[in-house]
Amino acid sequence: MPSGLAVSVSSQVEWRFHAVLGFVLLLNTLITKISFSQPWGSETFTLGVLGMAGLFLLYVAWYRFTFDRKGLVPWLDQWDNPAKSSKKEFTVSLFVIIMAYFIGQYNFPLPNPTALILLLIGLLMLIHSIYVILSIGILADD
C-alpha cells in the first residue's frame, strides 16, 4: 500500500462507532426496551434518555460522515450548494413537523414524548434552513 493512501485513510474522521452505538441505543429504545430504574427511579425515563443519546450519536455520525470533520454545527462554508441544500432542509423540516403533528394526534405505538422530540428536531431544522436562506440572500455580505 502506498504511503500517501495510508495517510489519507488514517486522517479521515471516525464515524462508524457513533453510528453503530446510536443504532443500538435507538433499537433498544424502540424494540427491546432494556432499561434500569436508577438514577431517576423510572425505567421509562432512563429508556428515553438512552433513546435521546442514540439520536445524538446518529447525528454526530452523520455530521462526521458528511463533512469529514469533528463538530456539531454545519457552517455555511462546508456546504457545496447552500441555496439548494437549505431548500431541501426547509422541506424536510416541514415534513418532520407534520409527522410530529400526526404522531401526537393519533396513538401510534411509539412512546408518548416522540411527537415532542420530533417537533423539536423539525423546528431546529426549520430555524437553521431559514438562517441559511437569509445568510445567502438578503443578509449576504456582498
Which one is right for this structure if percent of Cα pairs over 17 Å apart is calculated from it: [x] 58; [y] 71; [z] 61?
-> [y]
Give me the percent of Cα-Cα pairs in region 74-142 that sit more than 20 Å apart, rounded to a whole number.
-> 38
Alpha-carbon centroids, region 38-64 and region 68-142: separation in whole Å | 20
Of the residues I31, I130, I98, which exhibits the maximal mean-square fluctuation in a Gaussian network model of the chain defined by a 10 Å Cα contact cut-off?
-> I31
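Here, each number is a calculation from the coordinates, and none is a lab measurement. This structure is a prediction, so every number in the text was calculated from the model and none was measured.
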